[in-house]
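Take a look at the structure set out below.
The values are calculated or read from the model by the stated rules, or taken from the named source; none is laboratory data. Remember, predicted model here, so these are calculated numbers, not experimental data. Cβ coordinates were reconstructed from backbone atoms using ideal geometry, including for glycine residues, and neighbour counts include every protein chain displayed. Please note that ligands, DNA and RNA were not included when accessible areas were found on the heavy atoms of the full protein model with its side chains. Shrake-Rupley method; radii C 1.70, N 1.55, O 1.52, S 1.80 Å.
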Amino acid sequence: MTLLLIHADDFGLTEGVTKGILRAMQEGIVTATSAMVCDPLHFERVKEHCDSLEGRIGLHLQLTDGRPVLDAAENPSLVDKSGCFARHRDQLGDILPDDLLTEWRAQLARFRTLGFEPSHLDTHHSVHVLPVVLEVYQQLARETGLPVRGDENGLNSELRRRGFIAATRYTFLTETLYRSPIALRRALAAYRRLGLGEGDSLEIGCHPGFVDAELAAQSRYVEPRAVELQLLCSAELRGYLGELGYELAEPALLRRVCPSTEESDSGRVQEMAAEKSH
């Protein structure tokens, strides 16, 4: 079987989003989520609802939207003159890696006040695909040993080659996929035909939620969240998974199918030594 992680971003963003994700995890096929901890109100929602989510809730690291955990004066390269993060990743300025690592360690420390470790790491608006951010993301992953998310353009393979724990492939729900269970079924079947097999893993990112006024004020992605929620709770879709050779999985299962960092580093040292001997 191929492991299938269905991951919902933005836990804590609004009451409607948070309750929608919980519904998708309890009644649907979503196997994991990740928490936003910078905004005190977001984090209060996380604390209220996280009791049953240990092992299934990761840290949704932020460099966009809202304000940092630390005082803006401590890490000025991350914020604008008002002390806020950029709204989107294409608006980011020149990020200093040390500033970002300090802030992300603070976000991790806040998460840990829940009383347990995050199950994995990912980032809001996928800022980790930016080169300077990726280096910091990898540093935090080394420090914690947690599974990480790549992207739909091959970053997962590179992360795994470097010894990080990640799914074999990553994709996310798009308008083409969330229209119906049949559309997503076709996509899942295509990944199997493209080579995902026994012991491989596929992570699908999604953004289910109930639409509320707060969401409309904070996000450009609004109405599709309700459509995604309906799809992810579809009994029809769940029925397709076994038929296609997929097994729903939580982040911890990735540890069983990914090489450890030590094994990867050892292998890389051997490769380098072999190259030098020729």
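When Gly28, Gly58 are checked against the criterion of being part of a loop (DSSP other than H, G, I, E, B), within 20 Å of His207 (Cα to Cα) and in contact with a helix residue (DSSP H, G or I) (Cβ under 9 Å, 6 or more places away or on another chain), a single residue qualifies: Gly28.
Entry remark, the stretch 121-166: residues being in contact (Cβ under 8 Å) with a residue 12 or more places away in the chain, at positive phi and not in a helix (DSSP H, G or I) number 2 in total.
For the stretch 49-70, the set of residues classified as under 24 Å from Leu101 (Cα atoms) and free of Cβ contacts under 8 Å to residues at least 60 places away in the same chain consists of Gly66, Arg67, Pro68, Val69, Leu70, listed by residue number.
Here is a yes/no grid of residues against (1) buried (at least 23 other Cβ atoms within 10 Å of the Cβ); (2) under 23 Å from Arg256 (Cα atoms):
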{"position": "Ala86", "(1), (2)": "no, no"}
{"position": "Leu92", "(1), (2)": "no, no"}
{"position": "Pro118", "(1), (2)": "yes, yes"}
{"position": "Thr144", "(1), (2)": "no, yes"}
{"position": "Val148", "(1), (2)": "yes, yes"}
{"position": "Glu152", "(1), (2)": "no, yes"}
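When the stretch 211-227 is filtered for residues that are open to solvent by less than 60 Å² (accessible area, probe 1.4 Å) and basic (Lys, Arg), only Arg225 remains. For the stretch 121-142, the set of residues classified as buried (at least 18 other Cβ atoms within 10 Å of the Cβ) and polar (S, T, N, Q) consists of Thr123, Ser126, listed by residue number. For the stretch 196-210, the candidate set comprises residues that are open to solvent by less than 60 Å² (accessible area, probe 1.4 Å) and hydrophobic (A, V, I, L, M, F, W, C); within that set, the residue that is nearest to Ala252 (Cα to Cα) is Leu202. Does any residue of the stretch 169-181 turn out to be in contact with a strand residue (DSSP E or B) (Cβ under 8 Å, 6 or more places away or on another chain), part of a loop (DSSP other than H, G, I, E, B), among the basic types (Lys, Arg) and modelled with pLDDT under 95? No: zero hits. Of all the numbered requirements in (1) small (Gly, Ala, Ser); (2) closer than 16 Å to Ser201 by Cβ; (3) in a loop (DSSP other than H, G, I, E, B), Ser82 misses one, and that requirement is (2). The set of residues from the stretch 228-245 being open to solvent by less than 60 Å² (accessible area, probe 1.4 Å), outside any loop (DSSP other than H, G, I, E, B) and touching a residue at least 12 places away in the same chain (Cβ under 8 Å) comprises Glu228, Leu229, Leu231, Leu232, Leu237, Tyr240, Leu241, Leu244. Inspect the stretch 95-116 for any residue being over 26 Å from Lys47 (Cα atoms), among the hydrophobic types (A, V, I, L, M, F, W, C) and not in a helix (DSSP H, G or I) and give the result as yes or no. The answer is yes, given that some residue of the stretch 95-116 is over 26 Å from Lys47 (Cα atoms), among the hydrophobic types (A, V, I, L, M, F, W, C) and not in a helix (DSSP H, G or I). Looking across Arg45, Arg23, one residue alone is closer than 21 Å to Ala249 by Cα and touching a helix residue (DSSP H, G or I) at 6+ places or on another chain (Cβ under 7 Å). It is Arg23. If you filter the stretch 34-54 down to residues that are modelled with pLDDT of 95 or more and in a loop (DSSP other than H, G, I, E, B), you find that the one that is nearest to Gly115 (Cα to Cα) is Glu54.
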